[in-house]
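Every read-out reported here was derived from the displayed coordinates using simple, explicitly stated rules and does not represent laboratory data. Given the structure is predicted, the values throughout are model-derived calculations rather than measurements. As a convention, Cβ positions derive from the backbone with ideal geometry for all residues, glycine included, and neighbour counts pool all protein chains shown.
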Amino acid sequence: MSSDMDDILQIFFQECDEQLQELERGLSALSDGESEHETVNAVFRAVHSIKGGAASFGLDNLVRFAHVFENSLDGLRSGRFAPTHDVVKVFLKAMDVLSDLVNEARGGATVDSARVAESHAELADISGTGGNQNASQAATTEDVIPADFSPVPMDFEPVPTDFEPVPFDFDFGEEEATPAAASLLVTFRPHDALYERGDDARNILIGLTDLARECDGEIQTTCDRSALPPLTDLLPDKSYLSWQVVLPPAVSEDSANAVFDWVSEDCDFSIVREGAEAAAPQEPPAEQPEPAEVVAVMPPVEDHEAPPPAPAPSVAHPIQILSPLPAPATPDAHPGPSPAGSAASSTANGAAQTAARKPEQASIRVDLHRIDDLMDLVGELVIAQAAIESLSRRTDAAGQHELVQSISSMQSLTRDIQDAVMAVRAQPVRAVFQRMQRVVREASSMTHKDIVLTLEGEDTEVDRTLVEKLTDPLTHMLRNAVDHGIESPEARIAAGKPAEGHIVLSAEHRSGRILITIKDDGAGINRQRVFETAVKRGVIPADAVLSDEEINNLIFMPGFSTAAQVSNLSGRGVGMDVVKQAIQSLGGRISISSVPGKGTTFGFSLPLTLAILDGMLISASGSTMVIPISSVIETMIVNQSDVYALPDGSNVISIRGDCMPLIPLATVLKLSNSSTPDSLDASVILVVENESGARAALIVDEIRDQTQVVIKSIESNYRQIFGVSAATILGDGSVSLILDVSALVASAIGHIDIKPSNIRAELAA
Amino acid sequence: MTADVETPAVPSTAPVPLPERLDTATVGVLKGLVQQAEATESALDASGVAYVGGLCLQVLLASGRPLVAPSEKVREAFALFGVSEFLSEPSTPSSELSA
């Protein structure tokens with residue numbers, strides 16, 4: 001059971017992530033001025049679902065906060081206040097707190113209670129309840145009961161739109177979402193046996209009260225005394241009373257059911273959601289001290305000599321009676337003299353807590369049709385394999401021909417399967433992008449700037465591993481954009497720009513890669529300053545002549561800046577080399593364009609997957625190696641006359657007037673002893689480029705093929721090797737190394753101690 | 001649990017003090033006390049009551065005898081049982097005890 005609970009909890013957390021995304025999306029839409037009823041509903045629903053789920057796992061902190069959040073959102077939904085900029089801001093802040101609380105429940109860092117309290121107070125302010133949250137909740141609970149057909153548990157004027165059934169998604173969230181509609185009505189009548197066992201009706205009521213408190217609500221209890229005889233006729237150990245309890249809408253049927261887990265044999269009870277009884281008009285329970293009304297809801301009592309319940313209009317359909325639920329017992333559902341009850345609930349609670357501490361299992365949700373596509377392809381693969389098998393038994397020439405054809409069709413099938421699997425692993429970048437909203441929000445509040453982040457192309461899909469690894473670089477870049485890119489509001493106004501800064505984060509597919517751009521409308525890179533700083537730090541010589549782009553790229557140079565010092569500069573540069581490394585390790589490239597006064601655009605170009613790459617098979621000193629095709633600019637055969645020796649023994653090659661370091665691959669990788677081949681005449685070279693655009697020429701023995709290779713980590717299987725980023729297994733079964741072009745180029749540039757562009761500049765001079 | 005049940009040796013007009021725990025085990029005793037209070041037309045003194053269970057509640061409700069000086073626990077219990085109105089019924093002739 002415990003592992004079942006873990007699974008359920010995991011699913012809950014996954015759903016929380018989805019709901020938080022939904023929330024973020026909705027709030028973003030609201031802040032963009034969209035106030036569609038559906039958007040507000042979606043936001044409300046998201047918070048409500050989180051609350052509902054959390055309640056069933058006894059995640060009190062989460063439930064409490066979500067409840068306040070939900071209350072405030074309900075004010076918005078019912079039109080009591082409008083989604084103004086300030087209101088949405090408070091909601092966004094609350095969302096961050098909520099998301100942290102989810103994380104806390106998952107076993108993450110504990111959320112600062114002051115932060116929670118602050119957000120709590122802000123939410124209460126918005127909904128106009130001040131600190132009087134409980135009182136307001138009590139009032140709402142009362143108010144909701146008469147409005148038995150209203151799906152909205154709040155005391156607003158019944159505007160027609162509000163009576164629209166909330167259009168829930170027909171997915172997992174459906175059951176969770178229903179509680180939004182109405183209060184939960186619990187009626188129960190203890191049997192004599194309940195008291196005989198030493199239990200008490202009181203414990204059930206306490207259990208229900210606790211349930212309500214978990215959702216920051218209160219219960220409304222009505223005691224039915226109609227069956228109570230005069231004292232003289234009363235048998236002391238006979239049970240006569242029954243109760244009707246109205247629980248807040250946030251309490252789920254399941255958790256209410258759990259209260260009766262240990263008394264289901266000794267107690268008649270029914271649990272009904274008020275929303276389910278729209279068709280059956282009911283007297284408002286507020287006027288329910290009249291016994292008949294109450295009894296009407298009761299199921300008949302068998303072992304009882306008291307007057308049977310008065311016939312009354314059927315009110316509700318008990319939807320869940322006697323469904324012993326092993327799972328989410330509420331903590332303290334049965335305090336007092338019900339040891340079994342409390343033991344059970346504490347066990348369940350314990351299970352929930354253990355689960356919370358368990359590391360998160362990686363899992364993804366995949367559209368069913370993608371799996372179906374994959375299945376179809378696998379089916380075809382089986383057929384193709386059978387065809388090849390039968391063809392291979394034939395010896396005639398025609399058979400051979402067909403076999404070749406069959407193999408080639410299998411090849412294309414394999415490609416298709418590969419694509420299909422990639423599609424399964426692909427995830428929209430939305431998850432990461434939406435997290436960035438928070439990064440920008442926090443950074444801008446820290447720097448006292450007003451900045452709007454616009455997301456574009458969030459549906460662009462990339463491999464899951466890539467999605468996860470994008471978070472850090474993007475966070476860094478966005479913080480940087482907020483901190484250094486966007487000017488202070490005063491400076492912006494002085495420059496004739498709106499005080500509110502704007503950053504666009506977008507993603508798109510471009511020629512088999514994903515292109516992510518971060519564009520701000522700030523002051524742009526102050527090249528003069530970057531140049532001066534680079535000179536000061538010895539990154540470049542003082543007389544270096546650099547193009548604008550080269551200066552821009554300086555900010556990525558390691559050693560260009562150390563965070564503490566550079567944060568005093570107006571230019572960019574805080575830890576950008578870290579970003580660059582991260583992007584490079586993902587096989588990506590960074591580009592910068594900056595217009596002074598207009599803003600800066602950073603572009604990340606990344607492969608769609610980290611698992612497979614298109615590579616060029618080359619050989620050097622008898623070893624076959626793979627060079628990622630994305631870093632190969634051109635291939636050519638050179639003459640000795642193009643090669644110039646430098647005093648330190650290294651060589652540069654001039655290609656159409658461009659000079660670049662010459663890297664004898666076999667020597668650099670220590671595959672061969674001779675430092676350079678005697679003559680470079682007719683040598684094959686590959687011009688390769690690293691992410692910052694620095695080029696070098698690799699001398700190889702021959703170019704063999706161009707193929708797709710599956711990347712296998714060499715670090716996890718062996719250890720890191722200079723110049724090698726990974727390994728792969730070739731078609732003939734041999735292991736081949738995938739070269740790390742960036743490292744090779746960097747080492748070559750290091751050898752000649754200067755950027756290639758500088759050589760160019762010097763040669764030209 | 002019923003150790004501290006006090007004997008109903010009280011003058012007829014004085015409220016009958018109730019035991020500290022009105023749980024299932026005490027219900028018989030309570031019924032006796034309440035019947036005695038009924039006979040003497042006296043009220044019930046709930047000032048020392050710390051626990052009220054469902055069965056004892058039945059006895060108290062059935063008797064209709066006024067409860068004087070209900071302790072905080074009694075108020076809580078009655079609120080829990082949804083019968084708070086029974087406590088506040090204006091039938092407490094001798095509330096001087098609570099003063």
Suppose R0 equals 30 Å. What FRET efficiency, 1/(1 + (r/R0)^6) with r the Cβ-Cβ distance, do B:ALA79 and B:ALA39 give to the nearest 0.05?
0.50
Compute the normalised compactness of segment B:16-89: alpha-carbon radius of gyration over 2.2 N^0.38 Å, N being the residue count.
0.95
Provide the packing ranking of A:705-717, A:532-544, i.e. peptides ordered by the mean count of other C-beta atoms within 10 Å per residue, highest first.
A:532-544, A:705-717
Separation between Cα centres of segment A:42-109 and segment B:72-86, rounded to whole Å:
33 Å
Across B:44-57, the residue-averaged tally of Cβ atoms belonging to other chains within 10 Å stands at 4
List the lysines whose alpha-carbon lies under 25 Å from that of A:LYS580, not counting same-chain residues fewer than 8 positions away?
A:LYS469, A:LYS519, A:LYS536, A:LYS598, A:LYS712, A:LYS755
Take the Cα atoms of segment A:368-427, find their three principal axes, and give me the spread along each one in whole Å, biggest first.
48, 14, 10
Let's test the formula: R0 of 56 Å, r as the Cβ-Cβ distance of A:THR465 and A:ASP86. What FRET efficiency results, to the nearest 0.05?
0.90
Kindly rank A:201-213, A:731-743 from highest to lowest mean number of other beta carbons found within 10 Å of each residue.
A:201-213, A:731-743
Inter-chain Cβ neighbour average for residues A:481-494, partner chain, 10 Å:
0
Ranked highest first by the average count of other Cβ atoms within 10 Å around their residues, in what order do A:638-649, A:260-271 fall?
A:260-271, A:638-649
